[in-house]
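Single-structure report; data block below.
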């Protein structure tokens with residue numbers, strides 16, 4: 001298979017258009033829309049049929065390997081927290097702290113802080129129950145609450161180690177982790193604010209609908225104490241954060257370090273959260289508990305098939321070797337320092353869906369070209385990685401697993417997700433690039 005850049009680009013456009021039309025106009029389940037897009041794009045770029053199937057299977061498997069257990073356990077944690085009333089207690093506590101008027105901004109800030117140590121996918125899963133409760137409690141449209149939380153998590157996921165994309169780029173390009181974390185936070189803050197502002201602006205005419213209320217909490221329910229309500233969420237986040245700190249600092253050898261490294265594995269940390277959530281309810285009936293676990297597994301299954309199909313779509317697009325078309329480009333000057341890395345990463349992100357894959361691929365392409373592009377100093381390399389991080393935000397849409405995590409966990413239709421969240425990621429990337437440009441003036 002040897003397809004041109006134009007052919008691959010046109011195939012991508014056709015594939016994305018097919019997904020949007022099938023899911024919005026014909027209400028076809030996203031799994032089937034994504035799988036059809038896999039084959040359409042593969043055929044359009046003249047990929048052999050066996051290779052299409054192989055790439056789709058590999059993409060599906062890779063997503064399941066990285067997110068499968070996390071989604072099942074995160075869903076279970078959310079279901080138990082919802083049943084025990086923990087999310088209601090957390091929602092009321094946050095409202096007392098910030099006031100109902102600023103509930104969406106509170107979730108955006110929560111996403112920013114929680115997203116520092118953990119993946120945006122698992123962070124959203126852990127906090128989705130709380131987000132739902134706040135939306136119902138404040139009568140805020142779910143798309144506003146969901147996009148506020150999602151963009152807060154997303155802003156740090158794309159820019160700051162220990163997230164794998166930024167960490168890998170730092171290693172490939174040769175950037176100090178500490179400096180990247182410091183300046184990455186500086187860039188991520190305006191990106192987070194941009195996501196929140198666009199969410200509020202684009203959703204200003206929406207009103208809360210009673211149909212968004214999926215469960216009713218009985219007034220007679222005995223709710224847990226505030227401490228017991230927050231512990232199942234805080235403990236997994238802290239454990240994952242501690243493990244990430246050890247990883248970034250490369251601390252080895254201590255038995256205590258190894259102990260927390262095991263506990264901080266997301267699968268283990270979420271399992272501990274589930275145990276703590278179970279303990280928050282003193283009385284459990286066997287049938288009731290079994291029914292909750294069954295509901296959680298069924299809910300997770302519906303999410304997994306869609307996310308897996310998104311991984312298949314990304315796998316087929318990755319197999320087109322889009323990045324190879326940029327390896328021989330001859331660009332120089334100041335655009336090579338900021339604009340070219342940004343656009344390259346943005347194109348890769350838009351094409352195959354994963355911010356991590358996009359920034360790793362872009363940094364691998366750019367690494368041997370750095371001297372030719374005039375990127376030689378430590379500051380220039382830092383700015384290059386930050387520009388790629390901003391580019392990896394653009395554009396989160398139907399082939400991004402995170403897009404479907406948000407959509408399915410918060411029960412949002414495709415159209416408002418594209419209008420609010422997807423457009424927010426475009427503005428976030430642009431503001432990120434502008435912020436990096438300002439930093440470049442200060443770091444000269």
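Bear in mind that the values in this text are calculations on the coordinates, not laboratory data. Since this is a predicted model, take the numbers as computed values, not measurements. Neighbour counts run over all protein chains shown; Cβ positions are idealised from the backbone, glycine included.
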> Where in the range 174-200 is the amide nitrogen less than 15 Å from a point lying 7 Å along the Cα-to-Cβ axis of residue 438?
Replying inline: 183-195
> On a 0 to 90 degree scale, rounded to 10, what angle separates helix 226-249 from the longest Cα axis of the chain?
Replying inline: 30
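When a footprinting reagent is the concern and you count Cβ atoms within 10 Å, what order do 265, 92 take, fewest first? Please list the in-between numbers first.
Details: 265 13, 92 16.
If I rank by nearby Cβ atoms, fewest first, I get 265, 92.
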> How do the peptides 143-152, 4-13, 415-424, 70-79 rank, highest first, by the average count of neighbouring beta carbon atoms within 10 Å per residue?
Replying inline: 143-152, 70-79, 415-424, 4-13
> What are the radius of gyration and Dmax of the range 22-118, computed over its Cα atoms and given in Å?
Replying inline: 20.4, 59
> Counting other C-beta atoms within 10 Å, which of 80, 186 has the fewest, and how do the rest follow?
Replying inline: 186, 80
>> Just to confirm the number: angle between the C-alpha axis of helix 5-20 and the first principal axis of the chain, 0 to 90 degrees, nearest 10?
In response: 20
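Mind running the shape call on the range 78-138? Use the C-alpha gyration tensor, a ≥ b ≥ c as the square roots of the eigenvalues: rounded below 1.5 for a/c, prolate if a/b tops b/c, oblate otherwise. Let's see the in-between values first.
Values: a/c = 2.20, a/b = 1.13, b/c = 1.96.
Oblate, since a/c reaches 1.5 and b/c is not below a/b.
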> Calculated from DSSP H runs of 4 or more alone, at -39500 (n - 2.57) each and per residue, what is the 222 nm mean residue ellipticity of the chain, nearest 500?
Replying inline: -24000 deg cm²/dmol
> Using the alpha-carbon atoms, what tilt in degrees (0 to 90, nearest 10) does helix 30-44 show relative to the longest principal axis of the chain?
Replying inline: 10
>> Using Cβ counts within 10 Å as a stand-in for footprinting exposure, how do 44, 158, 38 rank, fewest first?
In response: 44, 38, 158
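Kirkwood Rh over Cα pairs of the range 5-442 into Stokes-Einstein at 20 °C, 1.002 mPa s: D in µm²/s? Could you put the intermediate results ahead of the total?
On the way: Rh = 22.2 Å.
The Stokes-Einstein estimate is 97 µm²/s.
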